[in-house]
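> Below is one structure. I have some questions about it.
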Amino acid sequence: MTSPHARAAVTAPAVAAVLALLLPFLLATPAHATGYRYWSFWKWSGSAWAYQQQGPAVYVPPDGAVDGWRFAVSPDGGKDAARPTAAGDFATVCAATPAQAGKKRIAVVLDFGTAADAPGGETPPPARTACAAVPTAASSAEVLAAVAPPLRYDSAGILCAIVGYPRTGCGDTVGNSTEQKESSGPSVGLLAGGALVAVLAAGAVWQARRRRDS
């Protein structure tokens, strides 16, 4: 007859093997498919859009800069937000706007997003570009006000609408129920069942060894 210590030595590998199979399920966590519907702020840097780390009321773009704006449902994570789809081509956008003494020219790219991004009942306007000729000390907020009115802000100073789009809402939370359903992780029943399988497997191995050594 084997000792209790010998039985434990036999049972432990079986438990470990079963738990190894269940580990991917046990470690899975529910996917949060929550996003936010808002205007994100970008700057053209080299040959790509870079998320603007400063707010439009603070950032003062230099002459020849390109400001980009994109309305979309995006995660609240800055650089992970949806970028403007058009390139920031200053020479093309400002080709018809001559340089003026005491002013700077800033190209602006507006991307109103897709129908899927739009609030219910609204249709996003076509993407557009504009060239602002503004005082050299103008911030990006002032640049935007010069070329894309009306703008709408909330009580906290968050930009809610450009050219009046969208008509309502500001940084609304949007949940994707389909994605949540498909990626919701293991249910309580699955976890409980997995634990039961581990116990039964360990017991079966122990019983087999007991009968063999009796």
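The values are calculated or read from the model by the stated rules, or taken from the named source; none is laboratory data. Note that the structure is predicted; figures quoted are calculated from it, not measured. Cβ coordinates were reconstructed from backbone atoms using ideal geometry, including for glycine residues, and neighbour counts include every protein chain displayed.
> How many of the residues in region 127-145 are closer than 25 Å to D117 by Cβ and surrounded by fewer than 17 Cβ atoms within 10 Å (Cβ to Cβ)?
Qualifying residue count for the region: 2.
> Identify the residue in region 55-86 that is charged (D, E, K, R) and surrounded by 15 or more Cβ atoms within 10 Å (Cβ to Cβ) and, among all such residues, is farthest from V163 (Cα to Cα).
Restricting to residues being charged (D, E, K, R) and surrounded by 15 or more Cβ atoms within 10 Å (Cβ to Cβ), the top hit is R83.
> Continuing with this model, one more query. Could you please let me know if R128 is within 23 Å of A107 (Cβ to Cβ), of a type in the set (K, R) and either touching a strand residue (DSSP E or B) at 6+ places or on another chain (Cβ under 7 Å) or modelled with pLDDT of 95 or more (or both)?
So R128 passes the test.
> Let me ask something else about it. Taking R210, is it in a helix (DSSP H, G or I) and either at pLDDT 95 or above or of a type outside the set (A, V, I, L, M) (or both)?
yes
> Right, something else. Can you confirm whether region 87-97 contains a residue that is of a type outside the set (A, V, I, L, M, F, W, C), exposed (fewer than 12 other Cβ atoms within 10 Å of the Cβ) and either in contact with a His (Cβ under 7 Å, 6 or more places away or on another chain) or in a loop (DSSP other than H, G, I, E, B) (or both)?
For region 87-97, residues of a type outside the set (A, V, I, L, M, F, W, C), exposed (fewer than 12 other Cβ atoms within 10 Å of the Cβ) and either in contact with a His (Cβ under 7 Å, 6 or more places away or on another chain) or in a loop (DSSP other than H, G, I, E, B) (or both): absent.
> Further question on the same structure: Restricting to region 84-117, give me the number of residues that are over 17 Å from W49 (Cα atoms), in contact with an Asp or Glu (Cβ under 9 Å, 6 or more places away or on another chain) and touching a residue at least 40 places away in the same chain (Cβ under 8 Å).
2
> Turning to a different aspect of this structure: State yes or no: is V108 closer than 26 Å to P166 by Cα, surrounded by 12 or more Cβ atoms within 10 Å (Cβ to Cβ), of a type in the set (V, I, T) and at pLDDT 95 or above?
yes
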